Amino acid sequence: MKTIADLEVAGKRVFVRADLNVPLDGDTITDDGRIRAVAPTIAKLAEAGAKVIVASHLGRPKGAPDPQFSLQPVAKRLGEILGKPVAFATDTVGDSAKATVAALGDGEVTLLENLRFNAGETSKDDAERAAFADQLAALADVYVGDGFGAVHRKHASVYDLPARLPHAAGDLIATEVGVLKKLTEDVKRPYVVVLGGAKVSDKLAVIDELLGKADRLLIGGGMAYTFLKAKGYEVGISLLQEDQIPAVTEYMERAERNGVELVLPVDILASADFPDLKTKAPADFVTVDADKIPSDKEGLDIGPKTRELYASKLADAATVFWNGPLGVFEHPDYAGGTTAIARALLDTDAFTVVGGGDSAAAVRTLGFDETAFGHISTGGGASLEYLEGKTLPGLAALED
């Protein structure tokens, strides 16, 4: 896989496929981590004299313009981070995009409107996707893939476009792949994996793979209640995927056979009401043993005994991968479990990887220093699929 160092970019139009899919509250960006992550690649190309065309998706518009998913606020923030103006094209391959790109001088940067405003970006029809890739290719001379959070998608700008232009991986993707190799090749042990998040179905494939690689799996978040139910515990009205109980049961049995320590919560913060995440009003909850969740309550965070247990299971780790919050961290009363995991990672001497998505957002939201962790990934789904051993279309497209 070539890198930027292998490209001649001075005076050329360089298309950078970034992942600028940031959370928005109206026009306000609530977490700019993904913008900051790709900014060094954009700055490097601009400093080398390239005419930089940045493109990304945001949210899930249905193949047509939708103002709530406009990248205009991102263009403003990107310009602030780069310390230079970023022109904004109000479409993807139309008159505005063509005119904005044509006006670029060497070292200047533009951002195209949301790629998913064009149905060809995400189409499952190869011809429709290819037609959009052809239009994008007409805007540029060189392609740089640096949107790690999208490389597991077979989309036009990720998969089809690199074949039409000289291409290379950006610095962010090169870093992400290098880190993930440390989790899959010659892993330093003990190797501990912390998995949280809402749905166990989202993590089944990675659990299946990790049962042959990890030394310990610590389970939390909404997905934990399917494991607890599989053990015969009462989980009340907690998030539950009953159809996944047979798979979870088999995984627990296989973990025991393989000598993999699979650790579940021993106590839970439970409430009859889901918290108000806007007002952050104090929540009414009880702390109960994991096998004694009241029938009218749902688990919303791991309890203090579990936090202490999980910290002890992380203390001697040499490698840690963490994906998914341990509770409803957006509310201060249920942020304790996620906070405890983050602190435990900082207290260990292990190589620590925070696997993107909500866990990366939690690290920033809860006020931790990002640089204190070994690596914070920009792609939760992409990280998981890489660990599952899948071929990621966007990475395959960058290989020669």
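The values are calculated or read from the model by the stated rules, or taken from the named source; none is laboratory data. Computed from a prediction, not measured in an experiment: that's the story for all the values here. All Cβ positions, even for glycine, are placed from backbone atoms using ideal geometry, and neighbour counts span all protein chains on display.
Structure above, values below:
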| quantity | calculated |
| --- | --- |
| Any chance Gly336 is surrounded by 16 or more Cβ atoms within 10 Å (Cβ to Cβ) and either outside the structural domain of Val200 (by TED's automatic domain parsing) or within 22 Å of Leu204 (Cβ to Cβ) (or both) | no |
| Filtered residue count, segment 362-400, keeping only those that are touching a Ser or Thr at 6+ places or on another chain (Cβ under 8 Å), part of a loop (DSSP other than H, G, I, E, B) and within 17 Å of Val194 (Cα to Cα) | 3 |
| Residues that are part of a strand (DSSP E or B) and among the aliphatic types (A, V, I, L, M), drawn from segment 255-312 | Leu262, Val263, Ile268, Leu269, Ala270, Val286, Val288, Leu300, Ile302 |
| Selection status of Ala133, out of contact with any Gly (no Cβ under 9 Å at 6 or more places or on another chain), free of Cβ contacts under 8 Å to residues at least 60 places away in the same chain and assigned by TED's automatic domain parsing to the domain that holds Pro65 | no |
| Qualifying positions in segment 30-49 - in a loop (DSSP other than H, G, I, E, B) and without any contact (Cβ under 8 Å) to a residue 60 or more places away in the chain | Thr30, Asp32, Ala48, Gly49 |
| Pair list, Cβ under 8 Å, 6 or more apart: segment 161-179 residue more than 20 Å from Gly374 (Cβ to Cβ) and in contact (Cβ under 8 Å) with a residue 12 or more places away in the chain, other residue charged (D, E, K, R) and assigned to a strand (DSSP E or B) | Leu161/Arg17 |
